[in-house]
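Here is the structure we will look at.
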Amino acid sequence: VKLTSEQEDFRAALRDFVSRECGTREQREGWIDPGEHAHSSALLGKLAELGWLGVAIPEEYGGSGGTYVEQTIMFEELYRGMVPIESLGPTTTVAGCYKRFGSEEQKADALAKIAGGTVMAISISEPEAGSDVANIACAAKPADGGYVINGQKTWCSYAHIAGRILLVARTSKEEVRHRGLTILEVPGDAEGIETHKIPTMGGNEVNDVFFSDVFVPAEAVVGEVGKGFQQIMAGLDGERLLSAAVSVGIAQRALDDLLAYVKERKQFGRPIGTFQALKHRIADLAIEVECSRMLTYEVAQRLQDGASPETTRMTSMAKVKTSETAQRVALEGMQMMGGYGYATEYDMESLVRHSLVLSIYAGTNEIQREIISGSLGLR
Ligand SMILES: Cc1cc2nc3c(=O)[nH]c(=O)nc-3n(C[C@H](O)[C@H](O)[C@H](O)COP(=O)(O)OP(=O)(O)OC[C@H]3O[C@@H](n4cnc5c(N)ncnc54)[C@H](O)[C@@H]3O)c2cc1C
């Protein structure tokens, strides 16, 4: 995909912003909200002012009307810069759901809020419903012109600071498990919601979320009652593209940091980057990063042109390729930096930790391989 000159300008503007505001670790840490590890409300506000949070939101809803390609550029550059606004991933997934299924009123409200900096969370996973989404049990029972929600969700990124949670709940029990699920918008501070942070090696952004008699009105349904499963599936390509853009950003950052280090560090009287044992491996990593980027932008363009089974297959391929590339570059980067790669003084160890989850969320890589092999006629 050849980027337009406007898209190249957008990338340059992002790079400029990132290096000015988050060029050093001290700068990045200076932004982070107390108690968070990778979230800054102030930075989110700055991006909102620049109009970038609405990059892929239509103009009539307060965005700048860009495409999946601009969105990919933004996520690649923000993650390359390790910018602490990781709530943007789930919020962007929520925006996609509203764009596809929201009513006019819901779109006008939610998309404007997202473009303005409101954090939104998406809550699908449950203790007994991970890869098997159809196993969702969290119940939303029809009552008094709305629904009463009871149940537990888990792994909900940024639910603890979300202005709104887009919840997938069971509104009816059907013989076929994939039926009877509905997407509901729930205010993050609704009475009866409790969030508990789950500590992870990547930080503390995920939560168990408990719903006890939480009431939402009938207007809280996003899309159609009973069609939640199909609606979530329709958004998966977009979510996987997002995850691919994040992976490319992390992979590129690990490569950047590795290159800077091996050019500087001397052993046996010469920079370690001149040893063939390292430089050929680094050349291989550079090839992997470039292939990952090309595939990701190809998928962004194809998704923009419209969904198709072939595009879904390529999206799954991009998700696998980019996440495994990010992991390989970060782990190889750590090895080639020796003890300094393992020390928290350098960013490489953080890149390793953050790369490891990329093959787990947005559909595990095993599930992506199921999709890919299934599309090749292997069932
Ligand atoms: C940091 C983080 C953030 C997350 N954010 C969110 C969020 O905001 N909202 C949300 O709803 N969820 C979120 N998730 C949940 C994430 O989507 C799930 O972890 C993921 O779908 C896997 O589900 P699971 O963890 O229950 O694993 P399981 O589904 O139990 O899988 C365990 C293992 O079995 C394999 N497996 C399962 N089924 C099959 C199969 N059919 N074929 C082959 N292998 C299989 C898996 O690939 C995996 O290796 C997040 C997770 C993490 C770690």
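All alpha carbon pair distances within region 63-196 were sorted into 10 Å bins beginning at 0; the resulting P(r) in whole percents reads 11, 38, 35, 14, 2. Pairwise inverse Cα distances across the chain, averaged and inverted, put the Kirkwood hydrodynamic radius at 21.5 Å. Rounded to whole numbers, the Karplus 3J(HN,Hα) couplings from phi for region 223-234 are x, 10, 4, x, 10, x, 4, 4, 5, 5, 4, 5 Hz, using 6.51 cos²θ - 1.76 cosθ + 1.60 with θ = phi - 60°, and x at Gly and Pro. If R0 is 22 Å, the Cβ-Cβ spacing of A283 and A307 corresponds to a FRET efficiency of close to 0.05. What the phi angles of region 206-221 give under the Karplus curve with 6.51, -1.76 and 1.60, with θ = phi - 60°, is a coupling list of 9, 9, 7, 10, 10, 10, 10, 6, 8, 9, 10, x, 4, 5, 6, 5 Hz, glycine and proline written as x.
Spatially, region 163-200 and region 94-131 are offset by 12 Å when compared through their Cα centroids. Near the amide H of G146, within less than 5 Å, lie the amide hydrogens of A218, all on another chain or at least 5 residues away, with H placed in the peptide plane.
Note on the chain: with a GNM built from Cα contacts shorter than 10 Å, the maximum mean-square fluctuation among G249, G145, G62 falls on G145.
Here is the list for region 167-201: GluC sites (Glu not before Pro) lying in DSSP coil, each with at most 10 other C-beta atoms within 10 angstrom of its C-beta, are E175, E191.
Annotation: amide H of N207 within the under-5 Å range of W155, C156, S157, Y158, A159, I198, sequence separation 5 or more or interchain, hydrogens built in the peptide plane.
By other beta-carbon atoms within 10 Å, ranking F211, F275 with the fewest at the front produces F275, F211. E126 sits among other residues whose Cβ lies under 14 Å from its own Cβ, and their net charge, with Lys and Arg +1 and Asp and Glu -1, is 0.
Amide hydrogen proximity for R265: with H placed 1.01 Å from N in the peptide plane, the residues at 5 or more positions away or on another chain lying under 5 Å are I272.
3J(HN,Hα) along region 16-28: 4, 4, 4, 6, 6, 9, 9, x, 10, 5, 4, 4, 4 Hz, from the Karplus curve 6.51 cos²θ - 1.76 cosθ + 1.60 with θ = phi - 60°, whole Hz, x for Gly and Pro.
Full extension of the chain segment joining A13 with E29 gains 3.6 nm, where the gain is 0.36 nm per residue of separation less the Cα-Cα distance. Given R0 = 41 Å, the distance between the Cβ atoms of E191 and T344 translates into a calculated FRET efficiency of 0.50.
Full extension from E298 to S131: what is 0.36 nm times the residue separation minus their Cα-Cα distance, to one decimal in nm?
Working: separation 167, 0.36 × 167 = 60.12 nm, distance 2.63 nm.
Extra length from E298 to S131 when fully extended: 57.5 nm.
In the elastic network of the chain, a GNM with C-alpha springs shorter than 10 Å, the most mobile of I272, I136, I114 is I272. Residues with beta-carbon under 14 Å from that of L258, excluding L258: net charge, scoring Lys, Arg +1 and Asp, Glu -1? Residues near L258 contribute -1 overall. Here r is the Cβ-Cβ distance between A108 and N204 and R0 is 56 Å; the resulting FRET efficiency, rounded to 0.05, is 0.95. Coordinate range of the alpha-carbon atoms in region 185-250 per principal axis, descending: 41, 30, 15 Å. Over region 163-315, the hull volume per residue, using the convex hull of the C-alpha atoms, is 180 Å³.
Each reported figure results from applying straightforward, stated rules to the coordinates on display, with no laboratory input. On a predicted model such as this, the values are computed, not experimentally measured, just so you know. Positions of Cβ are backbone-derived with ideal geometry, glycine not excepted, and every protein chain shown enters the neighbour counts.
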